[in-house]
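The values are calculated or read from the model by the stated rules, or taken from the named source; none is laboratory data. Here the structure is a predicted model, which is why all the values come from computation and not from measurement. A quick note on method: Cβ atoms are made from the backbone with ideal geometry, for glycine too, and the neighbour counts reach across all protein chains shown. In case anyone asks, the SASA skips ligands and DNA or RNA and just uses the protein heavy atoms, side chains included. Shrake-Rupley method; radii C 1.70, N 1.55, O 1.52, S 1.80 Å.
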Amino acid sequence: MLTNQRAHSSILSLLIGLSGVGIGIFAGFIAGAKPLYLYLLLVSVPVVIFFFARFAQAVIGLLILRSTLDPWSSQQLPAAFAVGLDALTLMYVTVKLLTGQRVHTDGFWWFFAGWVVVQGLWVILLPLGGLGLDASLLPESIREWIRLFSWLMVYLLVMQLKERLPPEKVISGLFLALVIPVTVALLQIFVPSILPPFLAAGGDDGSRIKGTIGHSNGFVTFLLLFIGLTYWKLKQSRQYLPWLLLLGLLAFLYVNTKALFGLMMVATFVLVLIAPRLNIPNFIGGAIFLVLIIGLFASTEFGRERLSSIANTPLLNPDIDVWRAILLSQGDTNSFNWRLAHWNLLLNAWQQFPILGYGLASAQAIGKGYLAHNDYIRALVEGGIVGFVTFLVFLGVQGIRIIQLMQSAPRGSAKRDLCSIMLALFLSIPVAMITENIWSHTTLFFYWMTLMAVAGWDWNQRSTVSVNPSGQLSSSFPN
């Protein structure tokens, strides 16, 4: 046993040493051309050392850090973070394989990995002329594929915490990711003047808060995920007041994003959550929460305008058909009518290349610089019928996975409660995808894949405490 540990330490030291030599050589090449990259490279050295020395703490720290990076998108910091996380994950898994240690995966991860590989086919076909656009879109397609690959690496990285940390502790640690976004959001509401321009609120009138997430709409989905987790903690905790206060705070911020599709999401979330165990207390609680959200939204002039605008769309006005709404979109500011016109443009373009589409991240180029505002149409335009089917399969398998995990967990257990909340969150996402670019909400899926990984663990395991050769206490989980 001790001999194996020494062998593992020797191999790890050798790999770290070789990495240091490689970093030094690479730093010499980029020092003159890209000083910013050199600074990032120098910072990465202590990060790698800490990552291997304190793996569990480093992973939790990386998970917390992701929610603060979007304001620096113009400096490519989120992209650099994603690439760095991918590299750390691959490096760590490689070390585990070389030292004969177990790499934790599950069936969903392997399906996810296969799906990401399939998405790479569109990147390969693009420069070969097999899609509707030429190779000029290749950099954007590669970035999009790396974004998807990063979600896979997040899942794999979190899986390596299995048998190291209790699942409840990992989820509790995620709440620290709320601190900076919520603080910035409150400042955007009450004292916006003290914030630098890159942290200012967004929207046409500058009143839509976004925290540290790139857009107000992205902040909505980020908040809804943590509203679900707060409700889960409320059910598990004996101290209700702190979690009730946090739930109220998140609901207040949720409304101040002024995202109309957010009302559809939260309504779907509440209905799915209370439907399986509908009783008077659950019905009253769900109704109060929905009334609070909708009432706060309608209490502002902006909210009333957004709600009244629905009356001038085919949704509520039988005198306006789809084609009239498309014509109206050229002269009014109704966002739904604009969406109908934009979807018509994208669908007409899709008909020219219906089987394989135009390639990853092509919907914005086809849409004259605008995102699709409908993830199903986006999938159809970018991947054609083939890509659209793979997109639906990926969504469907996630739903099936959550249901299986929920059914396998004991009734009343923390894991079953978490899975029921995840199912409600998951079903609200396809609803919002009808009118919003949910697929582009990178922060949401970063934390969503974290939850998907943790939900698949065996929550019945209990940690054991042992003393390692250095004399320090360490916790582990039995196999």
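The table that follows gives values for the structure above.
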| item | result |
| --- | --- |
| When residues of region 194-221 are limited to those that are assigned to a loop (DSSP other than H, G, I, E, B) and under 20 Å from the mean Cα position of the chain (by Cα), the one nearest to residue 301 (Cα to Cα) | 209 |
| Top-ranked residue of region 141-161 - restricted to ones that are of a type outside the set (Phe, Trp, Tyr) and open to solvent by 50 Å² or more (accessible area, probe 1.4 Å), ranked as nearest to residue 92 (Cα to Cα) | 146 |
| Residue 164 touching a helix residue (DSSP H, G or I) at 6+ places or on another chain (Cβ under 8 Å), modelled with pLDDT of 95 or more, of a type in the set (Lys, Arg) and open to solvent by 10 Å² or more (accessible area, probe 1.4 Å) | no |
| Subset of region 222-250 (residues that are hydroxyl-bearing (Ser, Thr, Tyr) and part of a helix (DSSP H, G or I)) | 230, 231, 240 |
| All positions within region 346-368 that are more than 21 Å from residue 389 (Cα to Cα) and either acidic (Asp, Glu) or free of Cβ contacts under 8 Å to residues at least 40 places away in the same chain (or both) | 367, 368 |
| Test set (1) in contact (Cβ under 8 Å) with a residue 24 or more places away in the chain; (2) open to solvent by 60 Å² or more (accessible area, probe 1.4 Å) - residue 76 fails condition number | (1) |
| Residues of region 200-215 satisfying the condition of being at pLDDT 95 or above and hydroxyl-bearing (Ser, Thr, Tyr) | 212 |
| The one condition in (1) out of contact with any strand residue (DSSP E or B) (no Cβ under 9 Å at 6 or more places or on another chain); (2) over 22 Å from residue 339 (Cβ atoms) that residue 256 fails to fulfil | (1) |
| Among (1) over 21 Å from the mean Cα position of the chain (by Cα); (2) open to solvent by 40 Å² or more (accessible area, probe 1.4 Å), the one test that residue 264 misses | (1) |
| Number of the exception - residue 442 against (1) at pLDDT below 95; (2) open to solvent by 30 Å² or more (accessible area, probe 1.4 Å) | (1) |
| Residues of region 96-109 satisfying the condition of being touching a residue at least 40 places away in the same chain (Cβ under 8 Å), assigned to a helix (DSSP H, G or I) and surrounded by fewer than 17 Cβ atoms within 10 Å (Cβ to Cβ) | 96, 98 |
| Filtered residues of region 422-434 (kept if in contact (Cβ under 8 Å) with a residue 60 or more places away in the chain and farther than 11 Å from residue 224 by Cβ) | 422, 423, 427, 431, 434 |
| Residue in region 251-259 that is under 20 Å from residue 187 (Cα atoms), modelled with pLDDT of 90 or more, outside any helix (DSSP H, G or I) and open to solvent by less than 10 Å² (accessible area, probe 1.4 Å) present | yes |
| Residues that are in a helix (DSSP H, G or I) and open to solvent by less than 30 Å² (accessible area, probe 1.4 Å), drawn from region 110-140 | 112, 113, 115, 116, 119, 120, 122, 123, 137 |
| Test: residue in region 140-151 that is in contact with a Gly (Cβ under 6 Å, 6 or more places away or on another chain), within 18 Å of residue 70 (Cβ to Cβ), basic (Lys, Arg) and touching a residue at least 24 places away in the same chain (Cβ under 8 Å) | no |
| Some residue of region 275-283 being open to solvent by less than 50 Å² (accessible area, probe 1.4 Å), touching a helix residue (DSSP H, G or I) at 6+ places or on another chain (Cβ under 7 Å) and under 28 Å from residue 78 (Cβ atoms) | no |
